[in-house]
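Inspection log for the structure reproduced underneath, given as structure tokens.
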Amino acid sequence: MSFDISSLQNERIKHLVKLREDKRQRREDGLMLVEGWDELRMALAAGLAPQAVFTAPELVTRLVEGLTGEVVTVSRAVFQKVSYRERPDGWLGVFPIPERSLERLRLREAPLVILAESVEKPGNLGAILRTADAAGVDALLVSDPRVDLWNPNVVRASRGAVFTVPAVEVDNVTALGWLRSNHIQVLASTPSARLSYTAADLRGPVAVAVGTEDEGLTDFWMSNADIQVLIPMMGLVNSLNVSIATALIVYEAVRQRG
């Protein structure tokens, strides 16, 4: 079987590896990688057009319909070099990074927003994106990010929800200003609070603010929070995974809103 690219030293393949590993390369080029049949279909369904799609016929078991742009066939070895999955399925798209900004966000009358401060693990940010998609939140603000939205592992962990959720990277000061201008209260989760998250009124405009697992939210958000709530902890551990804490509070808001 002949392929368009079979050399591991091909310059295009080296560039794909850089896009996978280097956030600065992604920003400079304005490009991101989307690997996997499901994620590729989600990106296409969201209206994104790939610059190129790389496929390994030896690994493919399902075809992707509606592809536009260049389709490049590569050998199994080449695909495994650029893949970031344990079990690649032979599909990898290179997409322009979508333009996202606070000005483009559209809010309901009583918006439900997630604010994730300095989340450092792609798996956690991806899981938060999945919660945001499932709960139908109005926006996800990724403030002072340590891992970028377009990290390939965030795309993978979100199962493509990064394309369906209105998510914007922003600094803390700008995020707070936007929330205040839209009359959205900031809710912070902290073990020192006295009010349980289930007792708080989450029916109005609210932003659920979460921080890192090790340190939680910074003083910036704790001092600017309109509501502080706790998630009861009845075991010996003193914290929950940040994505689980987010899901608990967000779905309590969904429950209250009927």
Worksheet item: Only one residue in Val82, Val119, Val78 is farther than 30 Å from Val170 by Cα and β-branched (Val, Ile, Thr). Which one?
Response: Val78
Practice prompt. Among the residues of region 209-243, write down those that are under 20 Å from Arg146 (Cβ atoms), modelled with pLDDT of 95 or more and either exposed (fewer than 13 other Cβ atoms within 10 Å of the Cβ) or outside the structural domain of Asn172 (by TED's automatic domain parsing) (or both).
Written response: Asp219
Worksheet item: Could you list, in sequence order, the residues of region 179-208 that are β-branched (Val, Ile, Thr) and under 13 Å from Ala139 (Cβ atoms)?
Response: Ile184, Val206, Val208
Worksheet item: Restricted to region 18-32, and to residues that are surrounded by 16 or more Cβ atoms within 10 Å (Cβ to Cβ) and touching a residue at least 40 places away in the same chain (Cβ under 8 Å), which residue is nearest to the chain's Cα centre (by Cα)?
Response: Met32
Practice prompt. Please work out which one of (1) in contact with a Phe, Trp or Tyr (Cβ under 7 Å, 6 or more places away or on another chain); (2) over 27 Å from Val147 (Cα atoms); (3) surrounded by fewer than 17 Cβ atoms within 10 Å (Cβ to Cβ); (4) in contact (Cβ under 8 Å) with a residue 40 or more places away in the chain is the condition Pro57 fails and give its number.
Written response: (1)
Worksheet item: Would a scan of region 2-15 turn up a residue that is part of a strand (DSSP E or B) and closer than 14 Å to Pro152 by Cα?
Response: no
Worksheet item: Going through region 116-127 one residue at a time, which ones are surrounded by 24 or more Cβ atoms within 10 Å (Cβ to Cβ) and either of a type in the set (Lys, Arg) or under 18 Å from Leu105 (Cα atoms) (or both)?
Response: Ala116
Fill in: Failed item, numbered, when Val168 is tested on (1) touching a strand residue (DSSP E or B) at 6+ places or on another chain (Cβ under 8 Å); (2) at pLDDT below 95; (3) surrounded by fewer than 23 Cβ atoms within 10 Å (Cβ to Cβ)
(2)
Discussion item. Out of everything in region 171-191 that is polar (S, T, N, Q) and touching a helix residue (DSSP H, G or I) at 6+ places or on another chain (Cβ under 9 Å), what residue ends up being surrounded by the most Cβ atoms within 10 Å (Cβ to Cβ)?
Written reply: Ser189
Worksheet item: For region 16-36, what are the residues that are in a helix (DSSP H, G or I) and under 20 Å from Trp91 (Cα atoms)?
Response: Leu16, Val17, Lys18, Leu19, Arg20, Glu21, Arg26
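The values are calculated or read from the model by the stated rules, or taken from the named source; none is laboratory data. Bear in mind the structure is a predicted one, so any value in this text is a computation, not a measurement. Every residue, glycine among them, receives a Cβ derived from its backbone with ideal geometry; neighbour counts consider all protein chains shown.
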